[in-house]
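Reviewing the structure listed below.
The values are calculated or read from the model by the stated rules, or taken from the named source; none is laboratory data. Computed from a predicted model, the values in this text were never measured in an experiment. Please note: Cβ atoms are built from the backbone with ideal geometry, for glycine as well, and neighbour counts cover all protein chains shown. Only protein heavy atoms, including side chains, enter the accessible area calculation; ligands, DNA and RNA are left aside. Shrake-Rupley method; radii C 1.70, N 1.55, O 1.52, S 1.80 Å.
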Amino acid sequence: MFIGEYTHSVDGKGRVAAPSKFRSKLKKGAIVTRGLDSSLFLYPLEEWKELAEKISSLPLGQGNSRAFARLMLSGAMDVSIDSQGRILLPDYLRKYAQMGKKVVFAGLYNRLEIWDEKLWKSYRVQAEKSSNEIAEAMGELGI
């Protein structure tokens with residue numbers, strides 16, 4: 001399970017150290033892809049396989065299904081952890097997520113989101129301001 005927030009630096013080659021407590025879960029393979037809200041999603045390989053199956057079974061006749069599949073699947077890249085615990089974030093994904101030198105890994109149970117530090121802080125402040133409304137909407141979903 002991935003939980004918590006961790007700030008790390010991206011080096012000049014686009015490598016970033018994965019949070020040490022999650023490296024063992026990512027050692028067997030991982031996929032990084034375009035996420036939502038200008039973030040990247042990082043999945044352990046097994047979690048990715050389950051998600052990719054669900055995405056690929058979405059109805060082709062629906063434009064939103066096709067668009068979501070293209071966003072998630074065409075942007076995906078295999079990543080591996082090097083001996084220093086780093087992963088390489090491809091340039092096209094760093095540009096998509098507007099990443100600077102500092103990034104935040106946000107643990108979200110079955111995946112990690114990787115955010116530019118400034119974008120994450122801005123997003124988090126906005127979400128915290130809306131926490132009451134968000135809680136009410138989640139209550140309607142039974143959470």
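Brief remarks follow.
- With eigenvalues of the C-alpha gyration tensor scaled by 5 and rooted, segment 77-143, Å: 29, 16, 10
- For Ser39, residues with placed amide H under 5 Å, excluding near neighbours: none
- HN-Hα J in Hz across segment 72-81 - Karplus 6.51, -1.76, 1.60, θ = phi - 60°, x for Gly and Pro: 7, 7, 6, x, 6, 9, 5, 10, 10, 8
- Taking the DSSP bridge list for the chain and keeping only pairs wholly inside it, about 100 percent are antiparallel.
- Only protein heavy atoms count here; on that basis, with a 1.4 Å probe, Trp115 has an accessible area of about 10 Å².
- Alpha-carbon spread of segment 28-104, three principal axes, descending order, Å: 44, 28, 17
- Here r is the Cβ-Cβ distance between Met1 and Asn64 and R0 is 30 Å; the resulting FRET efficiency, rounded to 0.05, is 0.50.
- Over the chain, dividing the summed -39,500 (n - 2.57) contributions of all DSSP H runs of at least 4 residues by the number of residues returns a 222 nm mean residue ellipticity of -11500 deg cm²/dmol.
- Computed Rg/Rh of the chain, alpha carbon atoms with Kirkwood Rh: 0.98
- Projected label distance in nm at Ser122 and Lys102, using a 7 Å step from Cα toward the beta-carbon: 1.5
- A probe of 1.4 angstrom, applied to the heavy atoms of all protein chains, finds Ile143 with accessible area near 150 square angstrom.
- Computed from backbone phi with θ = phi - 60° and the Karplus coefficients 6.51, -1.76 and 1.60, the 3J(HN,Hα) list for segment 7-17 is 9, 9, 9, 8, 7, x, 9, x, 8, 9, 6 Hz; x is used for glycine and proline.
- Solvent-accessible area, 1.4 Å probe, carbon plus sulfur percent, for the chain: 53
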